[in-house]
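The values are calculated or read from the model by the stated rules, or taken from the named source; none is laboratory data. These numbers were taken from a predicted model, which means no experiment stands behind them. Here the Cβ positions follow ideal geometry from the backbone for every residue, glycine too, while neighbour counts run over all protein chains shown. Quick note on the areas: whole protein, heavy atoms, side chains included, nothing else; ligands and nucleic acids left out. Shrake-Rupley method; radii C 1.70, N 1.55, O 1.52, S 1.80 Å.
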Amino acid sequence: MRLVLVGPPGAGKGTQADVLSRKLGVPHISTGDLFRAHISQRTELGVEVQRYIDSGKLVPDEVTNEMVRERLVEPDAAKGFLLDGFPRNIPQAEVLGKFLGEAGHTLEAVLEFRVDEEVVVRRLLARGRSDDTEDVIRHRQEIYRSETAPLLEYYHDIVVTVEAEGDVDEITARAIEALGGLD
Ligand code: AMP
């Protein structure tokens, strides 16, 4: 299964992606996690992207797209994947479509996690990651509204929406039901 998760920062996508990836037997690919791994290993790419991440800006598309392309050709992604945090804008979605098309694949669904902005800001402040200061959080929400939310229109024929407030297990159950069960 080839899935993309979309939702504002703090919607709980990462947590849900971990659970769903185990249940679906496909890898959870989070661009945020890939960037953070580069930063903690102090790779060249890590050094290059740190300032974007610290200020809540999007890393330039060329850098992000190339990192995703390399990840998607790893053998474990051949049978499917759950993309978390990518694409984050329409140009990235076009590039993803091209990557998949070249391999003869398509996305099966885009799972939208819908949650009220004030709820996610409170959740993120409680999480306390280094890019979780209130200014940076607000900036990430703004980018979500202006650049990422238009993906819901772009993918309108395959979007499945899940209300993402409440208990983690309930949200997982709703997501699986929305995807039409597990097959
Ligand atoms: P996340 O873990 O998804 O909240 O991402 C943390 C940060 O990584 C974001 O605020 C961006 O700076 C960067 N990032 C993650 N995914 C992308 C992407 N697809 N395009 C550009 N920047 C990204």
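Among residues of segment 1-23 being away from the ligand (no atom under 12 Å from the Cβ) and in a strand (DSSP E or B), the one that is farthest from Val121 (Cα to Cα) is Arg2. Residues that are more than 7 Å from the ligand (Cβ to nearest atom) and part of a loop (DSSP other than H, G, I, E, B) within segment 59-78 comprise Pro60, Val73, Glu74, Ala78, listed in sequence order. For segment 42-54, the condition of being of a type in the set (A, V, I, L, M, F, W, C) and open to solvent by 60 Å² or more (accessible area, probe 1.4 Å) holds for at least one residue.
Given the condition part of a strand (DSSP E or B) and open to solvent by 10 Å² or more (accessible area, probe 1.4 Å), answer yes or no: does some residue in segment 79-93 qualify?
If we filter segment 79-93 for residues that are part of a strand (DSSP E or B), which is where we start, we get 81-84.
From what's left, open to solvent by 10 Å² or more (accessible area, probe 1.4 Å): 84.
Yes: segment 79-93 contains one or more residues that are part of a strand (DSSP E or B) and open to solvent by 10 Å² or more (accessible area, probe 1.4 Å).
Return a yes/no flag: does segment 50-58 have any residue that is hydroxyl-bearing (Ser, Thr, Tyr), more than 14 Å from Val6 (Cβ to Cβ) and more than 9 Å from the ligand (Cβ to nearest atom). Please lay out each step first, then the result.
Step one: list which residues in segment 50-58 are hydroxyl-bearing (Ser, Thr, Tyr), which gives 52, 55.
Going one step further and asking which of them are more than 14 Å from Val6 (Cβ to Cβ), we end up with 52, 55.
The next check asks that each one be more than 9 Å from the ligand (Cβ to nearest atom); those that pass are none.
No - not one qualifying residue is present in segment 50-58.
Listed conditions (1) at pLDDT 95 or above; (2) surrounded by 15 or more Cβ atoms within 10 Å (Cβ to Cβ); (3) in contact with a helix residue (DSSP H, G or I) (Cβ under 7 Å, 6 or more places away or on another chain) are all met by Thr106, apart from (2). Picking from residues in segment 24-33 that are surrounded by 14 or more Cβ atoms within 10 Å (Cβ to Cβ), away from the ligand (no atom under 11 Å from the Cβ) and not in a strand (DSSP E or B), the one that is nearest to the chain's Cα centre (by Cα) is Pro27.
Annotation note: Cβ proximity below 6 Å between a residue of segment 31-47 that is not small (Gly, Ala, Ser) and a residue that is not in a helix (DSSP H, G or I) (sequence gap 6+ or interchain) occurs for Thr31/Gly85; Thr31/Phe86. Number of residues in segment 118-147 that are within 10 Å of the ligand (Cβ to nearest atom) and over 20 Å from Arg36 (Cα atoms) equals 1.
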